[in-house]
Amino acid sequence: MAKLYGLIGFPVKHSYSAIMHNAAFREMGIEARYELFEVKAENLEEEFGKKVRQGICGLNITIPYKEKIIEWVDKLQQEARLIGAVNTIKIDKDKTTWGFNTDGLGFITHLQEVINFNPEGKKTAVLGAGGVARAVSVSLAQNKAKEISLFDIDKERALKLKEMLEANFSACVVRTVSEADDLLQEELDLLVNATPCGMHRGDPLLINPYKLSKRLFVYDLIYNPGETPLLSEAKKRKCAGIFNGLGMLLYQGALAFKIWLEVDPPIKVMEQALKEAMSQYAA
Ligand code: NAP
């Protein structure tokens, strides 16, 4: 019988994860399929338990459940515990569930190995302090960023993230700012958008585009649309690097695949499947 994998979230219809993983299964001749499970908050515990009992082998977890799901996972990888969020679950034959977070490593792998941006000694800034911002900030601190500045409309959330980073990475200077524009100091090297702002037509620009300098790398974690207003402005101002979230999506997915199947995933095939999905469906 084909093994089952899938994504739990709400909503999930927009996700390209099934396209990417099913292409990898086909390429490797693995008898498995990946499905999207749209689950309402009130049914999350029951649905998760049911999928585990029915023998699902692996899950990805997305908005808005990456933090909530921790309550029901048997074992937590240290990185997921630090970040406070799980995006990948492996289920053993005896139904033990293992929670991982591949978002941060997916982001940093793309940043360092594909973009060739080494965060060591760099001044970085993150818009947002939610689940993905936590993963990205941890990965920047682990890779010796000199400074991480944070802004979130929820100031408490930004402060909590600052405290966690300071407690775990004493060599990194972490600050919160009260206006998004204050992230854009002259010597800033990397700006990451980890808010959903830019996903929908008419979303406002969170920063003053005139403050985007030419030396800046701008990385928007949103991948649909492929070019958010932030990235269009960065392009206009000829910023040094301009990237959407497709690379991170690919690498966090590849890492999940490796956790589930303990084999190297066919990255090129997964990337091609994502690119085709983008050209077919992206807004
Ligand atoms: P989340 O936990 O909801 O966090 C988003 C944070 O941004 C929240 O704290 C939110 O505050 C804040 N925010 C919203 N609008 C803002 C604004 N105008 N100014 C400042 N802060 C604002 O979501 P998440 O799971 O971290 O995901 C964030 C985004 O990352 C997603 O929308 C998705 O596009 C992207 N993402 C990409 C990948 C990838 O692989 N490329 C993976 C996962 C997520 P409130 O809660 O108060 O609104």
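A few points about this structure:
- Rounded to 10°, Cα long-axis angle of helix 44-53 versus longest principal axis of the chain: 40
- Added length on full extension, which subtracts the Cα-Cα distance from 0.36 nm per residue, residue 186 to residue 42: 47.2 nm
- Solvent exposure, largest accessible area first (probe 1.4 Å, DNA, RNA and ligands not counted), of 163, 47: 163, 47
- Given R0 = 30 Å, the distance between the Cβ atoms of residue 28 and residue 70 translates into a calculated FRET efficiency of 0.50.
- Overall form of segment 9-65: oblate. Here a/c, set by the Cα gyration tensor axes a ≥ b ≥ c, is 1.5 or more, and a/b is not larger than b/c.
- When a 1.4 Å probe is rolled over the protein heavy atoms, the share of accessible surface on segment 198-283 that falls to carbon and sulfur comes to 54 percent.
- Rounded to the nearest 20 debye, dipole of segment 165-230 from Cβ charges on Lys, Arg, Asp, Glu: 140
- Accessible area per residue, Å², segment 11-164 with all protein chains present, probe 1.4 Å: 46
- Leading residue at positive end of dipole, segment 178-259 (Cβ point charges), from 180, 249, 204: 249
- For the listed residue pairs 40/268; 162/238; 123/155, the alpha carbons are over 25 angstrom apart in 40/268; 162/238.
- Extension gain, residue 281 back to residue 175 (0.36 nm per residue minus Cα-Cα distance, nm): 34.3 nm
- For the chain, the longest principal axis of the C-alpha atoms and the axis of helix 17-28 are separated by about 60°.
- Rounded, prolate or oblate (a/c below 1.5 giving rounded, otherwise prolate when a/b exceeds b/c) for segment 88-176 by Cα gyration tensor: oblate
- Zone residues, segment 49-81, relative to residue 163, backbone N less than 18 Å from point 7 Å out along Cα-to-Cβ: 81
- Segment 1-120: C-alpha gyration tensor shape, a/c 1.5 cut-off, then a/b vs b/c: oblate
- Nearby lysines by direct alpha-carbon distance to residue 90 (threshold 21 angstrom, same-chain neighbours under 8 apart not counted): 3, 50, 51, 66, 68, 75, 258
- Between residue 199 and residue 153, the modelled label-to-label distance comes to 1.3 nm, taking each label 7 Å out from Cα in the direction of the beta carbon.
- Local charge for residue 142 was computed over the other residues whose Cβ lies under 11 Å away, with Lys and Arg +1 and Asp and Glu -1, and equals -1.
- Its Cα centre serving as origin, the chain has a Cβ charge dipole (Lys and Arg +1, Asp and Glu -1) of approximately 340 debye.
The values are calculated or read from the model by the stated rules, or taken from the named source; none is laboratory data. From a predicted model like this one, the values you see are computed outputs, not experimental measurements. Note that we place each Cβ from the backbone using ideal geometry, even for glycine, and neighbour counts take in every protein chain shown. Please note that ligands, DNA and RNA were not included when accessible areas were found on the heavy atoms of the full protein model with its side chains. Shrake-Rupley method; radii C 1.70, N 1.55, O 1.52, S 1.80 Å.
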